[in-house]
Amino acid sequence: MKLKILLPILTFFAAYIGALANGMGDSNWYDALEKPFFNPPTYIFGIVWPVLYIFMAVVSYLNAKIIFYIFISQLILNSLWGWLFFVFENPVLSLLDILILVGLNIYLLDILFKKEKWFSFILYLPYVLWICFALMLNLMIVILN
């Protein structure tokens, strides 16, 4: 039972840590970067991420016993990405981080699929698709800059 509660709490803590990185970074550095044509307006991130963190928290609560260690690992990488990109201004290292993050989450989706956790699979899929999109944004920023 404790795992079921711990993972959602850690999910919202990761969201907080990630938000701190966005606030601590140099917005002039980010604004000066060449971005791809498909880069969404900044406000979109503020809409999408809270919804995704809620979905992640629900999935972690429902599946704590089968995803615990993978989920913790992906939360660490998720939280670290913002710090690497915005605070340390290192798109290459953040790209490596998000590559591993995507891989872990595809593996996590595979676990949910094989265990026939359909509701959790569907609820978690938008997060995985969003970080795949973020991977493409990060890659294009590395290429363009």
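Would you list, by chain and number, the aspartates and glutamates whose Cα falls below 12 Å from the Cα of Lys4, excluding same-chain residues fewer than 8 positions away?
Candidates past the 8-residue exclusion: nothing left.
Can you give the calculated 222 nm mean residue ellipticity of the chain, where each DSSP H run of n ≥ 4 adds -39,500 (n - 2.57) and the sum is split over every residue, rounded to the nearest 500 deg cm²/dmol?
-28500 deg cm²/dmol, from helical runs alone.
What order, most packed first, do the peptides 27-34, 57-64 have when packing is the mean number of other Cβ atoms within 10 Å of each residue?
Working: 27-34: 10.6, 57-64: 20.6.
Packing proxy ranking, top to bottom: 57-64, 27-34.
Just add up the charged neighbours of Pro8: K/R +1, D/E -1, any other residue whose Cβ is under 15 Å from the Cβ of Pro8.
Details: positive: Lys2, Lys4, Lys65; negative: none.
Result for the neighbourhood of Pro8: +3.
Kirkwood hydrodynamic radius of segment 1-136 from all distinct Cα pairs, in Å?
Details: mean 1/r = 0.0651 Å⁻¹.
Result for segment 1-136 stands at 15.4 Å.
In which sequence would Trp130, Trp81 go, from the one with the fewest C-beta neighbours within 10 Å to the one with the most? Please list the in-between numbers first.
Values: Trp130 16, Trp81 24.
Sorted ascending by nearby Cβ count, the order is Trp130, Trp81.
On full extension of the chain, what length is gained from Cys132 through Ile44, given 0.36 nm per residue of separation minus the C-alpha to C-alpha distance? Before the final figure, lay out the partial values.
On the way: separation 88, 0.36 × 88 = 31.68 nm, distance 1.59 nm.
Fully extending the segment from Cys132 to Ile44 adds 30.1 nm.
Provide the gained length on full extension for the span Leu33 to Ile122, in nm with one decimal, where the gain is 0.36 nm per separating residue minus the Cα-Cα distance. Each step should come with its number before you reach the end.
Numbers: separation 89, 0.36 × 89 = 32.04 nm, distance 3.43 nm.
Extra length from Leu33 to Ile122 when fully extended: 28.6 nm.
What is the helix-to-structure angle for 91-114, meaning the angle in degrees between its Cα long axis and the longest Cα principal axis of the chain, kept from 0 to 90 and rounded to the nearest 10?
Approximately 20 degrees, to the nearest 10.
Relative contact order for the chain: what percent, with Cα pairs under 8 Å and sequence separation of 6 or more?
Working: 147 pairs, mean separation 51.5, N = 145.
About 35 percent, as a whole number.
In degrees between 0 and 90, to the nearest 10, how far off the longest principal axis of the chain does helix 42-62 point, with axes built from Cα atoms?
The angle comes out near 20 degrees.
Any idea what angle helix 118-144 forms with the longest principal axis of the chain, computed on alpha-carbon atoms, 0 to 90 degrees, nearest 10?
For helix 118-144, the angle is close to 20 degrees.
FYI, it's all coordinate maths here, none of it is from the lab. Treat the numbers as computed from the prediction; the structure is a model and nothing was measured. Using ideal geometry, Cβ is built from the backbone for each residue, glycine included, and neighbour counts are taken over all protein chains shown.
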